[in-house]
Amino acid sequence: MNQKIKTDPWFCIELPVTEYHEALAIQHRLLNARINRVIDKEMALLLEHFPVFTIGRRRGMENLTVSADFLKKENISVVQIERGGDITFHGPGQIICYPIVHLRSMHLTVVDFVTALEEVMIQTVADWGIGAVRNQMNRGIWIKNCKLGSIGIAVRRGVSFHGFALNVNTALKPFDWINPCGLAGVKMTSMKQVLSKPPDLNRVYKNVKRHLQDVFDIELIKKTLVDLPFS
Amino acid sequence: MKEISELKLPENVKYTEDHEWVRPADGKARIGISDYAQDQLGDIVYVELPDIGSTFKKGEAFGTVESVKAVSDLYMPVGGEILSTNTALEESPEWVNGEPYDEGWMIEIKLAAVTEPDSLMSRDAYIELLKG
């Protein structure tokens, strides 16, 4: 949007490393609370997941290049979910941001919103001297042909959920077992790989929060799940 | 993003707050999303439509549309039974962006209540909604 509109603060809910299904259930509860206006603020969940592969709504297992038995041995499950995009991996050391945002209240189109989420990631890694860019081939943020951060959202009753995943220190090996985003030949990278040393994860979380505030022109107010009026 | 004055908003359909349109005729109705909705979504890459014969109430999600890594639900403007779906969108989902009221239609239904579309917004009322 060209016009700068002062908006309400967002609630920021930080969770520890969370099992995927549990985080999904929390997202759905917050989403419903936002849709029903039980919660009248936009929200951002920040967390990491235990290792899991997730597949977007209309995709199958075709971009998984290893067997189900192999994944069982590695103790990694595969979950099909309602977001856009193809297959990806989540694991500890990857910062996940799930904004639960009523797009029209924020005067954002879906395209603006996805672009803004990319901007949050670009500015976050720029704090570490990393020059990531957008790529015509696929949304997310890139360094040459390597993908550093991914995006996949869903919109229900005008409220977005799911979000972005930024590889900070996360293991990259599991990405070798898939064609990330359904694109053969795409390599994933991490801030650790680019910097040749692991950045402090807590500092990167702080960077993410600062840039969420800058990019969306909002203030984040820290909340815990028990603070929020939903059951 | 298009200005309101640039949007295609035909007179011969009714609009909803969720930005779907409905064009009733002879107890049936065609349904799709408005020019405003497609403009908000960006380039549409996939449209998921319901099975023929299924029935939905007003406001229920009947399908999804996927654009720029975003999957958005589609909602019934009125209740009814699915008579046909626009299978051309399987190959050419971009019709929804280019011709949202014509080649980009999504479903045709048998209206559960013939008068139900009357309660939806006219072009002028919809423009007022868009102006906020």
I'd like the Karplus ³J(HN,Hα) series for the range A:202-210: coefficients 6.51, -1.76, 1.60, θ = phi - 60°, whole numbers in Hz, and an x wherever there's a Gly or Pro. 5, 5, 5, 4, 4, 4, 4, 5, 4
Given H placed on each backbone N at 1.01 Å, which residues far from A:ARG83 in sequence or on other chains put an amide H within less than 5 Å of it? A:ARG57
How do A:ILE96, A:ILE221, B:ILE107 line up, fewest other C-beta atoms within 10 Å first? A:ILE221, A:ILE96, B:ILE107
Excluding B:PRO117 itself, what net charge comes from residues whose Cβ is under 12 Å from its Cβ, given Lys and Arg +1 and Asp and Glu -1? +2
Antiparallel versus total DSSP beta bridges in chain A: what percent is that, nearest 5? 65
Would you mind checking which residues have amide H under 5 Å from A:PHE50's amide H? H placed 1.01 Å from N; only 5 or more apart, or other chain. A:THR18, A:GLU19, A:TYR20
Would you order B:ASP26, A:ASP176 from fewest to most other beta-carbon atoms within 10 Å of each residue's own beta-carbon? B:ASP26, A:ASP176
Nothing charged except the Cβ atoms of Lys and Arg (+1) and of Asp and Glu (-1): what's the magnitude of the dipole of the protein assembly as shown about its Cα centre? Round to the nearest 20 debye. 1360
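Just want to confirm a number: the relative contact order over chain A, from Cα pairs under 8 angstrom separated by 6+ residues, in percent.
Reported relative contact order: 26 percent.
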Nonlocal amide H pairs with B:ALA70, under 5 Å, H built at 1.01 Å: A:ILE153
When A:THR65, B:THR87 are ordered from fewest to most other Cβ atoms inside 10 Å of their Cβ, what list results? B:THR87, A:THR65
Can you give the Rg/Rh ratio of chain B, where Rg is from the C-alpha atoms and Rh is the Kirkwood radius? 0.93
Count the lysine pairs in the range A:10-221 that are 8 or more places apart or on different chains: how many have C-alpha atoms under 15 angstrom apart? 7
Provide the per-residue ³J(HN,Hα) series for the range B:106-111, in order, calculated from phi with Karplus coefficients 6.51, -1.76, 1.60 and θ = phi - 60°, each as a whole number of Hz, with x at glycine and proline positions. 10, 9, 10, 10, 8, 5
Over chain A, what lengths in whole Å, largest first, do the semi-axes of the equivalent ellipsoid take, defined as the square roots of 5 times the eigenvalues of the alpha-carbon gyration tensor? 27, 20, 17
Return the sequence-ordered ³J(HN,Hα) values of the range A:104-109 in whole Hz as given by the Karplus equation 6.51 cos²θ - 1.76 cosθ + 1.60 applied to θ = phi - 60°, using x for Gly and Pro. 5, 4, 8, 6, 10, 7
Can you check what the net charge comes to around A:ARG83, using other residues whose Cβ is under 14 Å from the Cβ of A:ARG83 (Lys, Arg +1; Asp, Glu -1)? +1
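A short reminder: the numbers here are calculations on the coordinates, not readings from a lab. These numbers were taken from a predicted model, which means no experiment stands behind them. Note: ideal-geometry Cβ built from the backbone for every residue, glycine included; neighbour counts use all protein chains shown.
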